[in-house]
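The values are calculated or read from the model by the stated rules, or taken from the named source; none is laboratory data. All values reported here derive from a predicted model rather than from experimental measurement. Methodologically, a virtual Cβ is constructed for each residue, glycine included, from the backbone with ideal geometry; neighbour enumeration extends over all protein chains shown.
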Amino acid sequence: MEADDERIRRFVELRGRQQGMFTRAQAVAHGIDDNTLARRCRNRQIQRIHQGVYADFTGPLPWSARVWAAWLACGPDAALTADTALRWYGLSGDWQDSPIHLAVPQNRRIERRSGIRLTRHQDLASWLVDGREPYVARLEIAVLTAAARRLDPDRQAAIVLDACRQRRTTPDRLLAELNRLPRLRGRKLLRPILSDAAYGVQSFLEQVYLTRVERAHGLPAGTRQVRATSGSAGDLTVDYRDVEYVPYDLIVELDGRTGHADAISTWRDMHRDNAATLQGKTTLRFGYQLVIDPCATAGQVGAALALRGWTGTLTPCSPTCSLQGGFSAPKRRDSGAIRAKPS
């Protein structure tokens, strides 16, 4: 009797670790035969999720339970990867809820299962984090494989840059991992994104500004993530400015959805802009409209730089660029409110 009680206790603990999921083999190892499993399914005490995989409850499965069920169905040599691994790691993002993404060894033959997307890889064991169940690819590999699945370069950039912005990895670590994945689809597109991230770009919107506004139109190179302080010694506030054209006292802030949606964040942004104004600096703020019309954004930034002493020339980015007809710099005002600096 004591042995049976101990076996039941261990099985309860196992199911708890696995979000209520268990396999037929695990059930048999704990004294539950096929007839018992079939009877409990008929009585709606348990439910079958995949062939040989059960849940010890009925009704809808939470996402984490679906992950365990998929891994138990395809394991033990399968591993979470791509969107599923990133969500498992707790990164915020627009991850796909379904299907569950799993990687298996290259020579593995496995039947297709509903709700599971399988990819095969050589040397899969070298991808894995030691000591974790379910097995999961290292975070850097998960980022790169999730980005590579996207056909849209903008979505690729968003995944890579968001992972860096959330401080879960770095561009150098991602680049080192990319060099170890010579067969990864889309790696040529990921490399310049990582170069931009190493340059200081931390979000998709910042990358669009760098590539489609600043570089494409011949604007001077701004400095990224400039640390700025304001307030008194006892109440010092530290902020980071997205882009600053230091010689011209011009700041460009890029407001995506993340970090700018609530009242506290809005007040923080106002406080930061006001502090910059008190230091004699001008702030231009752009949102997702620059993705639609980067040329207009370049025109406004160029005009502001010209007012503050920039003598360069904006260049059209394409034959259809709205700056194709030329760029006329506004006349500078002789006012103490604007302190132009030479280039």
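Only residues that are modelled with pLDDT of 85 or more and out of contact with any helix residue (DSSP H, G or I) (no Cβ under 7 Å at 6 or more places or on another chain) were counted in the stretch 302-334, giving 13.
Checked against the criteria, Arg191 counts as of a type outside the set (Asp, Glu) and in contact with a Leu (Cβ under 7 Å, 6 or more places away or on another chain). The helices (runs of 4 or more DSSP H) found wholly in the stretch 59-156 and carrying at least 2 residues that are over 26 Å from Ile49 (Cβ atoms) and of a type in the set (Gly, Ala, Ser) occupy 139-149.
The residue that is surrounded by the fewest Cβ atoms within 10 Å (Cβ to Cβ), among those in the stretch 59-92 that are within 20 Å of the chain's Cα centre (by Cα) and on the phi > 0 side of the Ramachandran plot, is Gly90. Per the conditions (1) touching a strand residue (DSSP E or B) at 6+ places or on another chain (Cβ under 7 Å); (2) surrounded by fewer than 17 Cβ atoms within 10 Å (Cβ to Cβ), the sole criterion not satisfied by Glu206 is (2).
All of (1) more than 17 Å from Leu91 (Cβ to Cβ); (2) surrounded by fewer than 19 Cβ atoms within 10 Å (Cβ to Cβ) hold for Val129 with one exception: (1).
Rundown of residues vs (1) closer than 29 Å to Leu144 by Cβ; (2) assigned to a helix (DSSP H, G or I); (3) modelled with pLDDT of 95 or more; (4) in contact with a strand residue (DSSP E or B) (Cβ under 8 Å, 6 or more places away or on another chain), yes/no style:
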residue: Ala197; (1), (2), (3), (4): yes, yes, no, no
residue: Val201; (1), (2), (3), (4): yes, no, no, yes
residue: His217; (1), (2), (3), (4): no, no, yes, no
residue: Gln225; (1), (2), (3), (4): yes, no, no, yes
residue: Thr229; (1), (2), (3), (4): no, no, no, yes
residue: Val238; (1), (2), (3), (4): no, no, no, yes
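A single entry from Leu61, Leu118 fulfils the requirement of being aliphatic (A, V, I, L, M) and closer than 19 Å to Arg185 by Cα: Leu118.
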